[in-house]
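All remarks here apply to the structure that follows.
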Amino acid sequence: MEPQTDLYYIHASGQQSGPFPFATIRKIWPPEAFPCDALIWNDAWGEWRELEHVLHLDTVNELRRKIEADTLTQKRSTEASRIRSSIVMTRQRATQIVDRLAEAMDEKKYVGPWSFFVRFSAVGVQHGVEVFFALYIEAASMFQQAPPSKRRDPDTLECIYGGYNFVTGFIKFLPDRELDRFGKITKESIDLSGRNGPPIGDRAAAWNEYQVERDRLKALAAAADPFDIIEEYAHFYEYLLTLNPEAPDFWNRIYQRLGLMYQP
């Protein structure tokens, strides 16, 4: 039961008290503290209701929300495990993916305009999160190769972190088939530059088509959020700082952290 306002009055044993936030009522007074005929009022309802019934409904709804949240978490965990188990990520392949990503951006092999949607085939992956695994492995390589005195240097962090930050902030990776239609909407057809005034007629229709498809792709990319599968980069870099890059188990620990099987 979700009223429009979170202030409530209580009427019990002939006395009225309040207003209280609902959370306060639940925290301070357990249901057994009220007489069975206690009433509760909220302005959004416009009527007195049985407090026992309202508390019961709130408890049931809270339990339902918890079950739904736990189910979603379990579903995401299962899916994350399935995706991880399907990924083969050698250090050589990680380098290839990162190189292909740089090439895709340099040669504008992304779908736009004004959007950085990159096809899986452009970077050689089956799932967008593979790009992030590759970036993390490359970051570990750069960390390992940096002189010991430079590994905690802000410039080293910026070198490692800068490219990753751009990728996570602006680039979305999607299956080729999802981008086919969007790729047909060219900058010329919708005149995004606005040099010829606001879009009207056919240009307005094309502009609307562009916006609808762009929003659909953004939602699709958001639904495949890599951070359901991989930790945020700042946490990964903090973990790097705890490791000895010269240790024989350095790469085993990196892959273990990522939840991948180590493949030299």
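Just wondering, is there one or more residues in the range 105-115 that are modelled with pLDDT of 85 or more, over 21 Å from the mean Cα position of the chain (by Cα) and surrounded by 18 or more Cβ atoms within 10 Å (Cβ to Cβ)?
There is no residue in the range 105-115 that is modelled with pLDDT of 85 or more, over 21 Å from the mean Cα position of the chain (by Cα) and surrounded by 18 or more Cβ atoms within 10 Å (Cβ to Cβ).
Do you know which residues across the range 210-233 are in a helix (DSSP H, G or I) and in contact (Cβ under 8 Å) with a residue 60 or more places away in the chain? Show your work before the answer.
Step one: of the range 210-233, the residues in a helix (DSSP H, G or I) are 210-223, 226-228, 233.
Those that are in a helix (DSSP H, G or I) and in contact (Cβ under 8 Å) with a residue 60 or more places away in the chain: 214, 217, 221, 226, 228, 233.
I'd like the residue in the range 15-62 that is among the polar types (S, T, N, Q) and at pLDDT below 75 and, out of all such residues, is nearest to the chain's Cα centre (by Cα).
This residue is 61.
I need the full set of residues from the range 226-264 which are surrounded by fewer than 16 Cβ atoms within 10 Å (Cβ to Cβ), within 29 Å of residue 177 (Cα to Cα) and hydrophobic (A, V, I, L, M, F, W, C), in order please.
227
Can you tell me which residue among 205, 223 is in the same structural domain as residue 153 (by TED's automatic domain parsing), surrounded by 11 or more Cβ atoms within 10 Å (Cβ to Cβ) and modelled with pLDDT under 85?
After ruling out the rest, the residue left standing is 205.
What about residue 67, is it aliphatic (A, V, I, L, M), modelled with pLDDT under 85 and under 25 Å from the mean Cα position of the chain (by Cα)?
Answer is yes for this residue.
Find all pairs meeting these conditions: Cβ atoms under 7 angstrom apart; at least six residues apart or on different chains; first residue within the range 238-264 and farther than 16 Å from residue 145 by Cα; second residue exposed (fewer than 12 other Cβ atoms within 10 Å of the Cβ) and among the hydrophobic types (A, V, I, L, M, F, W, C).
Listed pairs, sorted by first residue: 263/88.
The values are calculated or read from the model by the stated rules, or taken from the named source; none is laboratory data. Just so it is clear, the structure is predicted and the values come from calculations on it, not from any experiment. Backbone-built Cβ (ideal geometry, glycine too); neighbour counts: all protein chains shown.
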